[in-house]
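Participant: Let me begin by handing over the structure; questions about it come next.
The values are calculated or read from the model by the stated rules, or taken from the named source; none is laboratory data. Note that the coordinates shown come from a computational prediction; the quantities given were computed from them, not determined experimentally. Cβ: placed from backbone, ideal geometry, glycine included. Neighbour counts: every protein chain shown. Keep in mind that these areas ignore ligands, DNA and RNA; they rest on the heavy atoms of the full protein, side chains included. Shrake-Rupley method; radii C 1.70, N 1.55, O 1.52, S 1.80 Å.
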Amino acid sequence: MSAPAGTGAPAPGRRELTVAVLACAAAGGLALTSSSSPWAEVTITRQPPLPSTVEALTGGQAAPLVGACGLLLLAAALAVIAVRGAGRVVVGLLVAVAGGVLAWSGLRGLTGRLGVDLADVTSSVGLGDAQVTTDAAVTWPLLALLAGVLGVLAGVLVVLRGRRWPGMSRRYERTTVPTGAAAAPAPAGRARPETPEDRHQAAWKALDRGDDPTV
């Protein structure tokens, strides 16, 4: 039995819009989580008698674009709803690019090709000819890679299908009345025949006002 019009399942366009918004938000959240987590353990071996130091390198230090892309994806989750037409396509392209950057950064982290800057991990003095070794983590760069793949898929979906999706509801928009347009007069009701009682009350009201009811 088919559901009545307006009460059935949401239209395909609205379902796709929901999927894209959730994908952007999820990718942004994963990227920000990965950015604040340790991506590698950096060991700095200094000349004796200075001891070696071990410090953690976060995703924000190893790949600064991860956090920026996460914020962009969260903003895009709202922008996809707010804009229409060509503007929505532009948002989709930005989402896809941000997803690509995330995937590339996560892949670099997984393969150990992180550019380590000593200024990011330590402020110790006496480095001299210190040797730096990096032990890359797996979990958090992989999370950035997954966020990137999710962002690319969401961006492609927005670019290909976004023009057909509905925009924000206009239910609460004010309806403007054209300038100079007069309000339509209320329809006049049919006059009730005057009864003797009405004439009697009208006479008393005239006397109260000081008028002559016989005029």
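Participant: Would you check which residues across segment 44-102 are open to solvent by 10 Å² or more (accessible area, probe 1.4 Å), within 29 Å of ARG113 (Cβ to Cβ) and either outside any helix (DSSP H, G or I) or touching a Lys or Arg at 6+ places or on another chain (Cβ under 6 Å) (or both) and list them?
Facilitator: The answer is THR45, ARG46, GLN47, LEU50, PRO51, SER52, THR53, VAL54, GLU55, ALA56, THR58, PRO64.
Participant: Just to be sure, is GLY70 of a type outside the set (A, V, I, L, M, F, W, C) and under 15 Å from THR33 (Cα atoms)?
Facilitator: So GLY70 passes the test.
Participant: On the basis of being open to solvent by less than 70 Å² (accessible area, probe 1.4 Å), in contact with a Cys (Cβ under 6 Å, 6 or more places away or on another chain) and on the phi < 0 side of the Ramachandran plot, does ALA31 make the cut?
Facilitator: So ALA31 fits the description; yes.
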